[in-house]
Amino acid sequence: MKRLGLPYTARKAPAVSRASDRRYGLSSAEDAARYGYHLPPKASFNPNKGLSTTTLIALYGRSAGIDGEADPALDIPARGCRGEAAESLDADHRYPAGAEIASGIARRSYQESVEDSRVREAVRRWSDCMTERGYTYSDPLAALGDERFLDKGISKREVETARADMECKTRVGLLRTWFSAETAIQKKMIAAEPAELAKLKEVHTSKAAAAREVTGRD
């Protein structure tokens, strides 16, 4: 942006709390009681507030679909200054083969964990617990994806169902059992790809260090 002669200081996004994991359905009793199956609302933040059209086009590029025009004499990068910066940071920190292995482990380990006998038994006990409370679901993801709870509004029934969901998970130890089973599966898969995953870790560590240096943040 300085190269283009445009003053710009990035707005700092507000701190956000860590979202609860939903790999095995709901995992937070607090979220269940407050939001049912809906995700907690995100803090409102507009990084582009108050920026001129020229500044926006310089940031995101002329092909970003921003209304208006910027000075045609400005040598704006194809993907804008943000795109150029991201490409510069990412250029020396890529390892697609390793990333594919890692994502494959995440995908396959979940698929295998669903068939684990301990998980299947815990899911069955969870389903029985829910039935006792008047809710019929075969597994936690069926409850999470109930079409009745996909509207914008959060109904009383949704909250009651979500609370029962978490109470039943706690009673039968579902989350602990499922996490333990998948962890064991992942460790075996990780052990089969030590060199590739060690290299991926190095790449990620290096990229994080570069990002901290660029931003001046820990």
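Listed here are the residues, each with its yes/no results for (1) in contact (Cβ under 8 Å) with a residue 40 or more places away in the chain; (2) out of contact with any strand residue (DSSP E or B) (no Cβ under 8 Å at 6 or more places or on another chain); (3) open to solvent by less than 50 Å² (accessible area, probe 1.4 Å); (4) not charged (D, E, K, R).
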site: Lys2; (1), (2), (3), (4): no, yes, no, no
site: Pro41; (1), (2), (3), (4): no, yes, no, yes
site: Phe45; (1), (2), (3), (4): no, yes, no, yes
site: Ala58; (1), (2), (3), (4): yes, yes, yes, yes
site: Leu74; (1), (2), (3), (4): yes, yes, yes, yes
site: Pro77; (1), (2), (3), (4): no, yes, yes, yes
Original post:
Do we have any residue at all in the stretch 101-115 that's free of Cβ contacts under 8 Å to residues at least 12 places away in the same chain and of a type in the set (D, E, K, R)?
Top reply: yes
Original post:
Taking the stretch 81-111, which residues are acidic (Asp, Glu), assigned to a helix (DSSP H, G or I) and open to solvent by 50 Å² or more (accessible area, probe 1.4 Å)?
Top reply: Glu84, Glu87, Glu100
**OP:** Could you check how many residues of the stretch 128-159 are open to solvent by 50 Å² or more (accessible area, probe 1.4 Å), of a type outside the set (S, T, N, Q) and more than 26 Å from the chain's Cα centre (by Cα)?
**Re:** 6
**OP:** Please state which of the following conditions Ala64 fails to meet, knowing it meets all the rest: (1) open to solvent by less than 40 Å² (accessible area, probe 1.4 Å); (2) without any contact (Cβ under 8 Å) to a residue 24 or more places away in the chain; (3) farther than 30 Å from Lys187 by Cα.
**Re:** (1)
**OP:** Please list, ordered by first then second residue, the pairs with beta carbon atoms under 9 Å, 6 or more apart or interchain, first in the stretch 180-202 and closer than 22 Å to Ser113 by Cβ and in a helix (DSSP H, G or I), second open to solvent by less than 70 Å² (accessible area, probe 1.4 Å) and among the acidic types (Asp, Glu).
**Re:** Ala181/Asp116; Glu182/Asp116; Ala184/Asp116; Ile185/Asp116
**OP:** Within the stretch 122-174, work out how many residues are touching a His at 6+ places or on another chain (Cβ under 8 Å) and not in a helix (DSSP H, G or I).
**Re:** 1
**OP:** Could you tell me whether the stretch 126-139 includes any residue that is touching a Ser or Thr at 6+ places or on another chain (Cβ under 7 Å), at pLDDT 95 or above and of a type in the set (Phe, Trp, Tyr)?
**Re:** yes
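Is it fair to say Glu69 is more than 30 Å from Lys188 (Cα to Cα), in a helix (DSSP H, G or I), open to solvent by 80 Å² or more (accessible area, probe 1.4 Å) and acidic (Asp, Glu)?
no
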Original post:
Among Val172, Val214, which is in contact (Cβ under 8 Å) with a residue 24 or more places away in the chain, open to solvent by 40 Å² or more (accessible area, probe 1.4 Å) and not acidic (Asp, Glu)?
Top reply: Val214
**OP:** Tell me which of these Leu197 doesn't satisfy, since it passes every other one: (1) surrounded by 12 or more Cβ atoms within 10 Å (Cβ to Cβ); (2) over 19 Å from Tyr110 (Cβ atoms).
**Re:** (2)
**OP:** Could you tell me which numbered condition Gly25 fails, if it satisfies all but one of (1) open to solvent by 40 Å² or more (accessible area, probe 1.4 Å); (2) of a type in the set (Gly, Ala, Ser); (3) modelled with pLDDT of 90 or more?
**Re:** (1)
**OP:** Scan the stretch 169-179 and give yes if some residue there is among the small types (Gly, Ala, Ser) and over 20 Å from Asp92 (Cβ atoms), otherwise no.
**Re:** yes
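The values are calculated or read from the model by the stated rules, or taken from the named source; none is laboratory data. Bear in mind the structure is a predicted one, so any value in this text is a computation, not a measurement. We place every Cβ from the backbone using ideal geometry, glycine too, and count neighbours over all the protein chains shown. Just so you know, the surface numbers come from the protein's heavy atoms only, side chains and all, with ligands and any DNA or RNA stripped out. Shrake-Rupley method; radii C 1.70, N 1.55, O 1.52, S 1.80 Å.
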